[in-house]
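To start, the structure under review is shown below, and the notes come after it.
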């Protein structure tokens, strides 16, 4: 491992050292306008394997890449109107714009997401832009901390939170001293009908997202991306997805999208008559269960308690409750009776799905049943 103090070294020498390391499949730690990042040649499969080993437990989470300007991004992604507007307005800067990846982009396996998307960064940091212009290939733009570790604003933040095995994977560190304590970049997915903020700078007390889905496949894709976004929650305490919407609005379709993401091969069916359907899953290193509940006919606290819904919550479990509003009072009443259960309660994501009755077609009923509005609410208070 070599460390270069960039305040005492010429830009020419720094870039020469970086390119030598990148061309040999090595890993560099570098400063950005947000935190320290970890980079390898994103077109080199061996180098990408190295960065994935360095980050550890990615479990399908994609890597973004850094490029020097908008013109070079078009070699790797399809830029739609939404992406074009964001790139023009916010880049260079602390934003990652997620677009559909071009199949012939030469990006190595493990960088592009399983949804066929690629996150693009143009960092607002002159030294790194100079490096990217000289290197003429994308480098990965993931943060330099190990997965779920402290944000790295100094080189010590990086090294003190890595295992010895991870440290040995680093070939070069560009030390810029302590960086301003800025938030990580905002990540916006432009591949859906409505742009989706996958990660925002700062913490909001309440987060409500309104999306439009124009097809069953897009509804499933939204479900999968939402689950990937909250995968850490699944690994910690599990996840409760509370679904509401009239008959036929797509609640089960949404659940099928979750099942596809979890690599469940069984046919997912509505549990209208059984109340609860259970599916085992194994995704990367995580094994757990998907529970699919239909609470349409549950009209009393006694019946809800007999179903023992609370026992379904737990680490690695994803619990989907259709007609959640009908039983939410029963659930919260049970939790309030038992403080120990309350502590084990998973994160709740509340989703209201409705048909877009304003969208007319020439169909028999005059409504395109594939177009749906999804209102997604995070940080639901259940105490």
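Read the figures in this text as sums done on the coordinates, not as results from a lab. All figures in this text were calculated on a predicted structure; none of them were measured in a lab. Every residue, glycine as well, gets a Cβ built from its backbone with ideal geometry; the counts of neighbours run over all protein chains shown.
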Checklist entry - Across all directions of projection, what mean area in square nanometres is found for the Cα convex hull of the stretch 204-378? => result 10.9
Item to check | Rounded to whole Å, sorted largest first: equivalent-ellipsoid semi-axes of the stretch 2-175, Cα gyration tensor | outcome: 24, 18, 15
Checklist entry - So how compact is the chain: Cα radius of gyration and Dmax in angstrom? => result 22.9, 73
Checklist entry - Can you give the extra length, in nm with one decimal, that the chain gains between residue 78 and residue 217 once fully stretched, where that is 0.36 nm per residue apart less the Cα-Cα distance? => result 48.1 nm
Checklist outcome for this item: Taking R0 as 25 Å and r as the Cβ-Cβ distance between residue 246 and residue 209, the FRET efficiency 1/(1 + (r/R0)^6), rounded to the nearest 0.05, comes to 0.75
Checklist outcome for this item: Long-range alpha-carbon pairs in the stretch 148-282, meaning those over 17 Å apart, account in percent for 72
Checklist entry - With springs only between Cα atoms under 10 Å, which of 277, 71, 178 fluctuates most in a Gaussian network model of the chain? => result 71
Item to check | Spacing of the two label points (7 Å from each Cα toward its C-beta) at residue 336 and residue 280, in nm | outcome: 3.9
Checklist outcome for this item: Counted neighbours (other Cβ, 10 Å), sorted fewest up, put 133, 151 in the order 133, 151
Checklist entry - Taking other Cβ within 10 Å of each residue's Cβ, how do 2, 350 sort, fewest first? => result 2, 350
Checklist entry - Most fluctuating residue of 317, 84, 336 in a GNM of the chain with Cα springs under 10 Å: which is it? => result 336
Checklist entry - Fewest first, what order do 181, 230 take by the number of other Cβ atoms within 10 Å? => result 181, 230
Next on the checklist: What number results when the radius of gyration of the stretch 16-112, computed over Cα atoms, is divided by 2.2 N^0.38 Å?
Outcome noted: 1.11
Item to check | Highest-MSF residue in the chain out of 17, 44, 338 [GNM, Cα springs under 10 Å] | outcome: 338
Checklist entry - residue 7 to residue 375: extension gain in nm, 0.36 nm per residue of separation minus the Cα-Cα distance? => result 127.6 nm
Item to check | Virtual spin-label span in nm between residue 325 and residue 56, 7 Å along Cα→Cβ | outcome: 4.5
